[in-house]
Amino acid sequence: MLVAGEFTLAVALLAGAGLAIHSFLNLQRVDLGVRTDHVLDFYLAIPDSRSKERERIVAYYHQILASMQSDRLREMRGMRQPAIGAQAWIAKRTCSRAC
């Protein structure tokens, strides 16, 4: 009787795990409505020489964004609008080191 109960529980857990994996794979195929094949993202660390105050960090990123909107960068073929975000979750990550 105990073996039958354990077997039933094991089958139920395997079925649940299979459904969870199937759902996860389906979520990865959802169309986000954004073309991610034309998105360039990168990580930009704040140099240690910079202040760690939030206002100064925000000003630093705004300065970088302003320089990205220069005429020279706008002339790059296909570039429409540079932006800065807290998380790069849209583009598929390929990284040769631990990201």
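The values are calculated or read from the model by the stated rules, or taken from the named source; none is laboratory data. The shown structure was predicted, so the numbers you read here are calculated from the model rather than taken from an experiment. All Cβ positions, glycine included, derive from the backbone under ideal geometry; neighbour counts span all protein chains shown. To get the accessible areas, we keep the full protein, side chains included, count just its heavy atoms, and leave off ligands, DNA and RNA. Shrake-Rupley method; radii C 1.70, N 1.55, O 1.52, S 1.80 Å.
Screening the chain for helices (runs of 4 or more DSSP H) wholly inside it with 1 or more residues that are open to solvent by 90 Å² or more (accessible area, probe 1.4 Å) and modelled with pLDDT of 80 or more returns the ranges 2-28, 54-68.
Matching residues to (1) farther than 18 Å from A83 by Cβ; (2) touching a strand residue (DSSP E or B) at 6+ places or on another chain (Cβ under 8 Å); (3) charged (D, E, K, R):
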site	(1), (2), (3)
L2	yes, no, no
T8	yes, no, no
V11	yes, no, no
A17	yes, no, no
A20	yes, no, no
L25	yes, no, no
R29	yes, no, yes
L44	no, no, no
A59	no, no, no
